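Written below as structure tokens is the structure these notes are about.
The values are calculated or read from the model by the stated rules, or taken from the named source; none is laboratory data. Since the structure is predicted, the reported quantities are computational estimates derived from the model, not experimental observations. As a convention, Cβ positions derive from the backbone with ideal geometry for all residues, glycine included, and neighbour counts pool all protein chains shown. Heavy atoms of the whole protein, side chains included, go into the accessibility calculation; ligands, DNA and RNA do not. Shrake-Rupley method; radii C 1.70, N 1.55, O 1.52, S 1.80 Å.
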Amino acid sequence: FVWSLEVSCPFSCVVSHVTLTSPFFFSCQVKCWIIPDGGLCENMTESAVDMAGHQRRLGSLLWHPTANNILASAGFDYLIILWNVGTGAQVSRIECHTDTIYNIAFNFDGSQLATSSKDKKIRIINPRDGTVVKEGQGHAGTKACRVIYTSENRLFTTGFSKMSERQYAIWDTSDLTKALKMEMIDTASGVLFPFFDFNTNMVYLAGKGDGNIRYYELVDDRPYCFYLDEYKSNAPQRGLGPLPKRAVDVPRCEVMRLFKLHQKGLVEPISFKVPRKSELFQEDLFPPCLGDQPSLTADEWIGGADKPPLFISLKDGFVPSEKPSFVAPEKKANEEEQVPRGEK
């Protein structure tokens, strides 16, 4: 899974077989560390994998949902690079953007990549060759827009209107010329971050600097989205990250847990539960969820194969799979070391 606090801090990422963390800060490199089982016992200063290719600092990192060791990075150089972390090599370069890339999102099998950009456009891209499959005008406002997949044929975006009103919109991936639904939320200024739970078809909206988290249910037919309720707090949030569904408290009917980053660095877990009197397993709340194993190797995906994610049942609890050892690729000397002395 990929857990990000959506601020200028490291992504904490768990790949199928090894725990890696990939910080980007204001660097042009992607650096990955191997986190040992049981967590950190001391500071780590030596990265396992270094990947250089961007000319400006990075803004987004995203692991492929089904292929092992495939990582996407988006930079302020308007470039998206897909990497094979196992070798440290570039898989593909996507150079179709002409302005800042706000965020990137894979569909469920990783065969497509959706992006939002400062040019106010929503794009669906083939991540292997970088071709634009679909393109459309997104939110009209000048502030940041976010996009996620909620099904194979639906996109969900958050953004701003020309009058700086916060909005959400639902799109059919086959036609991005007009949103199926676009609705105003409020007039606050913080960027809204969407988090989707496909098991319950619920989307959670949390604004940077807000204290509340709204949640909605998505449906296939009109009106496409129903407001449910909101979590309220007086403490503003700098960012949030979701816990994987396989780690929630199933006996207590916990359907979502978000980790809220406070202004002073405190991380607070926020639990969303469905009240049920029965202590039996609730199959309607916990259908099979994403497992911790990949569907494809990196080479299979690079070769053109696509497979859906592997699912597991939570009825008897989650048992982590055995993690094969990860062999880091040999590091290359950095550019400064490659220049002979006296020839700079």
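When GLN55 is tested against (1) assigned to a loop (DSSP other than H, G, I, E, B); (2) more than 17 Å from CYS28 (Cβ to Cβ); (3) not acidic (Asp, Glu), just one condition goes unmet, and that condition is (2). Taken as a whole, the condition of being free of Cβ contacts under 8 Å to residues at least 40 places away in the same chain, in contact with a Leu (Cβ under 9 Å, 6 or more places away or on another chain) and of a type outside the set (Lys, Arg) applies to PRO288. Look at ILE101 and say whether it is over 23 Å from ILE185 (Cβ atoms), over 15 Å from the mean Cα position of the chain (by Cα) and modelled with pLDDT of 95 or more. So ILE101 fails the test. As a summary of the residue check, ASP229 satisfies the conditions (1) assigned to a strand (DSSP E or B); (2) surrounded by fewer than 16 Cβ atoms within 10 Å (Cβ to Cβ); (3) touching a His at 6+ places or on another chain (Cβ under 9 Å) except for the one numbered (3).
Residues are listed down the side, and each one gets a yes or a no for (1) surrounded by fewer than 22 Cβ atoms within 10 Å (Cβ to Cβ); (2) of a type in the set (Ser, Thr, Tyr); (3) modelled with pLDDT of 95 or more:
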position: VAL30; (1), (2), (3): no, no, no
position: PRO36; (1), (2), (3): yes, no, no
position: GLU42; (1), (2), (3): yes, no, no
position: GLY53; (1), (2), (3): yes, no, no
position: HIS64; (1), (2), (3): no, no, yes
position: ARG93; (1), (2), (3): yes, no, yes
position: LYS120; (1), (2), (3): yes, no, yes
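For ALA179, the conditions (1) open to solvent by less than 50 Å² (accessible area, probe 1.4 Å); (2) part of a strand (DSSP E or B) all hold with the exception of (2).
Looking at segment 151-166, which of its residues are of a type in the set (Ser, Thr, Tyr), part of a strand (DSSP E or B) and farther than 16 Å from SER111 by Cβ? Those that are of a type in the set (Ser, Thr, Tyr), part of a strand (DSSP E or B) and farther than 16 Å from SER111 by Cβ: THR157, THR158. What number goes with the only condition from (1) modelled with pLDDT of 95 or more; (2) surrounded by 18 or more Cβ atoms within 10 Å (Cβ to Cβ) that GLY291 does not pass? Only one criterion in (1) modelled with pLDDT of 95 or more; (2) surrounded by 18 or more Cβ atoms within 10 Å (Cβ to Cβ) is unmet by GLY291, namely (1). For segment 235-284, a residue qualifies if it is in a strand (DSSP E or B), open to solvent by 50 Å² or more (accessible area, probe 1.4 Å) and under 23 Å from VAL319 (Cα atoms), and the qualifying residues are ARG257, PRO269, SER271, LYS273.
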